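These notes are about the structure you will find just below.
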Amino acid sequence: MTWSNSRNKVLSERAQAVIPMGMYGHQSVMLLPDDYPQFFQRAEGAHLWDVDGNRYVDFMCGYGPNLFGYGNDVIDAAYSERMRAGDTMTGPGEAMVELAEAMVAQVSHADWAMFCKNGTDATTMAMMVARNHTGRKTIVLARGAYHGAAPWCTPLKKGVTPSDRANQIFYDYNDVESLEAAVRKAGDDLAAIFASPIKHDTFVDQESPTVEYARRARELCDERGALLIVDDVRAGFRLARDCSWSLVGVKPDLSSWGKAIANGHPISALLGADVCRMAAGTIYVTGSYWFSTAPMAASLATLKLIRETDYLERTQALGQRLRSGLDEVAGRHGFALRQTGPAEMPLIMVDDDPTLAKGYFWNQALIKRGVYFHPWHNMFICAAMTEGDIDFSLEAADDAFKLLKAAGPLEAPTKLAFMHQMLEA
Ligand code: PMP
């Protein structure tokens, strides 16, 4: 079937009339290459169909939730059974206690769990717990790291006041000196250091944490009586069957979770150590949907698959196959790729492409060949992908490089200029 986008165009036009800017937040395709579909009709396993019926091998995995494949039978059966018996009720079900037990058993630094809906709920609660525990205000964060879309952390400044951003000091990821300087600046007011599990910022090469940086963050918190927070919303259970910083041997006091913990069903979590149990129990946080039982049942089923399957080794091997295959294909056409981050959570950018013109062209060609890549956000490998999906994607990449080579010099995408204006405003 040839690729087409007429239905998507009609829906996008209708959306312009009734949804501000047609879409918002990370879901807006306004900053993606032309022809990226905005609306989808169906998803199954590692595949996604847009409203025009075009099929994609989906390397975004719903921006992270899809770990075991869309519509995973076991997880969705657990969800449906609980939904029929009672989901959003006047109070939670047994599954809440079972899930807290399961998360505490799974994540080595955790002694307790609280559940919420979005990753932003969990990161905001982490900040509140740290401030409540210490009686201090200042949080130290890595510059450019994403922790959600509340006024204290949303990337754009529109609608945000300086006081929403007060009591924040920034450091550079993996830079021990800048971390120490930020902590010194916080003086006796340090409540917490926030760390992403890996540097998974948009537009820049990804980095794993150095052991030196992670250990120093732990020491600085211990010296000052502050709390160490790892924001595992995006990477949680994709890099390890424990908190991602178990890979560098550092235990945080708090970790925030979301996305993959229920394979797409809406639930997030804050996990913590005993040291701040009381502080966590005395902040007021809640939500109408936070105690829904069906997503908790889905999360329990997801955790069972995390414990009992080789999903992690599988996604790592598939990621490696993609990585080495892409390097080979790019080289064949005289291009190089910057493939950074763990293979199972890769960021893939065309090298020597400061304006992203080549990357936009190449990604757009991939979309039309049934491969959903992202030009500047890390991607994800799910356990439902097959070697066949990877090989299909490599063939598409081969074609896309051929077109890129034939295209010659390209103009910078104007969309990105618009984004820079928004960021600076
Ligand atoms: N932290 C990180 C590291 C994230 O990647 C995200 C979402 N992309 C969030 C927090 C916020 O999660 P949510 O969008 O579910 O609020």
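The values are calculated or read from the model by the stated rules, or taken from the named source; none is laboratory data. The structure displayed is predicted, hence computed values, not measured ones. Positions of Cβ are generated from backbone atoms using ideal geometry, with glycine treated the same way; all protein chains shown enter the neighbour counts.
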Q. Which residues, counting only those in the stretch 234-246, are out of contact with any Phe, Trp or Tyr (no Cβ under 6 Å at 6 or more places or on another chain) and within 16 Å of the ligand (Cβ to nearest atom)?
A. Arg234, Ala235, Phe237, Arg238, Leu239, Ala240, Cys243, Ser244, Trp245
(Q) Being touching a strand residue (DSSP E or B) at 6+ places or on another chain (Cβ under 8 Å) and either more than 16 Å from the ligand (Cβ to nearest atom) or closer than 21 Å to Asp58 by Cβ (or both) narrows it down to one residue among Met278, Met296; which is it? (A) Met296
Q) Considering the stretch 29-38 alone, what residues qualify as being surrounded by 13 or more Cβ atoms within 10 Å (Cβ to Cβ) and in a loop (DSSP other than H, G, I, E, B)? A) Leu32, Pro33, Asp35, Tyr36, Pro37, Gln38
Q. Which residue pairs have Cβ atoms under 6 Å apart, sit 6 or more places apart or on different chains, and have a first residue in the stretch 163-188 that is of a type in the set (D, E, K, R) and a second that is in a loop (DSSP other than H, G, I, E, B)?
A. Asp164/Pro151; Asp164/Trp152; Asp172/Arg143
Q) Residues of the stretch 140-154 being crowded, with 17+ Cβ neighbours inside 10 Å and more than 14 Å from the ligand (Cβ to nearest atom), which ones? A) Val140
Q. Of all the residues that make up the stretch 70-113, how many are of a type in the set (Phe, Trp, Tyr), in contact with a strand residue (DSSP E or B) (Cβ under 6 Å, 6 or more places away or on another chain) and under 25 Å from Gly45 (Cβ atoms)?
A. 1
Q. Of the conditions (1) at pLDDT 95 or above; (2) more than 16 Å from the ligand (Cβ to nearest atom), Lys157 fails just one. Which one is it?
A. (1)
Q.
Given the criterion acidic (Asp, Glu), out of contact with any Phe, Trp or Tyr (no Cβ under 9 Å at 6 or more places or on another chain), at pLDDT 95 or above and more than 16 Å from the ligand (Cβ to nearest atom), identify the matching residue among Asp205, Asp164.
A. Asp205
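Can you pull out every residue in the stretch 210-233 that is in contact (Cβ under 8 Å) with a residue 40 or more places away in the chain, assigned to a loop (DSSP other than H, G, I, E, B) and within 16 Å of the ligand (Cβ to nearest atom)?
Listed by number, the list holds a single entry, Val233.
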Q: Scan the helices (runs of 4 or more DSSP H) fully inside the stretch 340-425 and keep the ones with 1 or more residues being of a type in the set (D, E, K, R) and closer than 30 Å to Asn263 by Cβ.
A: 387-407
